[in-house]
1. Kindly report, to the nearest 10 Å², the accessible surface of ASP23 as traced by a 1.4 Å probe over protein heavy atoms only.
2. Quick check on packing: order 163-171, 219-227 by the mean number of other C-beta atoms within 10 Å, highest mean leading.
3. Can you compute the FRET efficiency between LEU7 and LYS89 using 1/(1 + (r/R0)^6), with r the Cβ-Cβ distance and R0 = 45 Å? Round to the nearest 0.05.
4. Rounded, prolate or oblate, given the Cα gyration tensor of the stretch 85-244, with a/c below 1.5 counting as rounded?
5. With runs of 4+ DSSP H residues as the only contributors, calculate the mean residue ellipticity of the chain at 222 nm using -39,500 (n - 2.57) per run, divided by the residue total and rounded to the nearest 500.
6. Name the residue, out of LEU109, LEU187, LEU317, whose mean-square fluctuation peaks in a Gaussian network model built on the chain with Cα pairs under 10 Å.
7. Distance between Cα centroids, the stretch 364-409 to the stretch 138-194: provide it in whole Å.
8. 5 Å is the cut-off here: which amide hydrogens, built 1.01 Å from N in the peptide plane, fall below it relative to GLY149, excluding neighbours closer than 5 in sequence?
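The values are calculated or read from the model by the stated rules, or taken from the named source; none is laboratory data. Computed from a predicted model, the values in this text were never measured in an experiment. Glycine gets a Cβ as well: all are built from the backbone with ideal geometry, and neighbour counts include every protein chain shown. The accessibility values were calculated without ligands, DNA or RNA, using every heavy atom of the protein model including side chains. Shrake-Rupley method; radii C 1.70, N 1.55, O 1.52, S 1.80 Å.
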Amino acid sequence: SLSLELLPTDPLLLILSFLDYRDLVSCCYLNRRLNQLSSHDPLWKRHCKKYWLISDEEKSRRNQGWRAIFISTYRDLGRYIHYYAALKKAWDDLEQYLGQWCPRMIGSLKESVREEDLDAVEAQIHCKLPDDYRCSFRIHNGQKLVVPGLMGSMALSNHYRSEDLLDIDTAAGGFQQRLGLKQCLPLTFCIHTGLSQYMALESVEGRNKYEIFYQCPDQMARNSSAIVMFITGTSYLEWFTSYVNKVVTGGYPIIRDQIFSSCSPLCRYVHDKDCVATTEDITVSVSTSFLPELSSVHPPHYFFTYRIRIEMSKDALPENACQLESRYWRITNAKGDVEEVQGPGVVGEFPVISPGKVYEYTSCTTFSTTSGYMEGYYTFHCLYNKDRFFNVTIPRFHMVCPAFKISTA
């Protein structure tokens, strides 16, 4: 009969290379031969890369084998093995992006915390923290309360918002037990508006456990604890990684604006890459954002801001330089009601566009419905032929309020 001891080593190692780390560990306890084979160091390289994102360079720095690295890392972070790789990659991608575009913001990030620090916070608030949240703080403990905030900024003529990702101690200090926000932990905070995004640590008052939301007062409720919750995520992992993905892929563009100084913050305008229109040499693109702090469900008043980018191709002829004369808007809400707006210039300006030049501006609108869209055109006149006027298309862009709930407090 053919015994395990007689099987050649190489085929057995190949078979073991397909096992997950749990099964590889189990093999250690079956017999002496499998114990020896499952300890073969190259078998653990895949698991170190998959679960802990350990590179060959880091292995060389540690001067340890793959198996030893996996075991030592598991002893420290094993409870987070299903979250660590996704969150570590998100943090690494974000740091790389910030290093290129917003290097000063990296200095606001705090070092990781220890397990005992997170345990102490749980004891302080008498509530368990989700493992994906804990895992993220084992990588970075949020950021200092500074401007610009890591979670995006927003600027209108008379309104500014910049959200910081709170460190664990500040978040614990803002843990809520009051009616309307019972057992909710703040994740972000804006020092200008007082706005926060909260995570529900329990399923109470109409919230799902670990749901993330902006809270705004219900203006028509008699009880001040009645709030509206604009949902921004279903778990910390989904909320944070989806935000970072939008940042690093250009979904939240960097806006170079003197308001933000030389270190322009990440701006929470969502840019739809299909929302672009080109007329002759001029391209118009639009980014939009919903502002919960200026919105209301009761009465229905949904506030949106949009940022327009007007750019003339650098290959255009110099004689194609032109100046914006007027604008026309066709605004449609979810009920199909249409409003038309026409007027001179944009935000009180009459920008001149020439080859390679870009003009950007921000404006806002409100809807009595949870969604709507705008479209229209700008009228330009040529600088070198003042008798020539032409219209430049503004692409249709949609604005949609996030899903929301009314607190059952």
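1. 80 Å²
2. 163-171, 219-227
3. Details: r = 38 Å, r/R0 = 0.85.
Using R0 = 45 Å, I get an efficiency of 0.75.
4. Values: a/c = 1.86, a/b = 1.22, b/c = 1.53.
Oblate is the answer for the stretch 85-244, as a/c is 1.5 or above yet b/c matches or exceeds a/b.
5. Details: 12 runs with 110 residues, N = 409.
Roughly -7500 deg cm²/dmol at 222 nm, from the helical runs in the chain.
6. Greatest mean-square fluctuation among the candidates belongs to LEU317.
7. 30 Å
8. Sorted by chain and number, the residues that satisfy this are GLU163.
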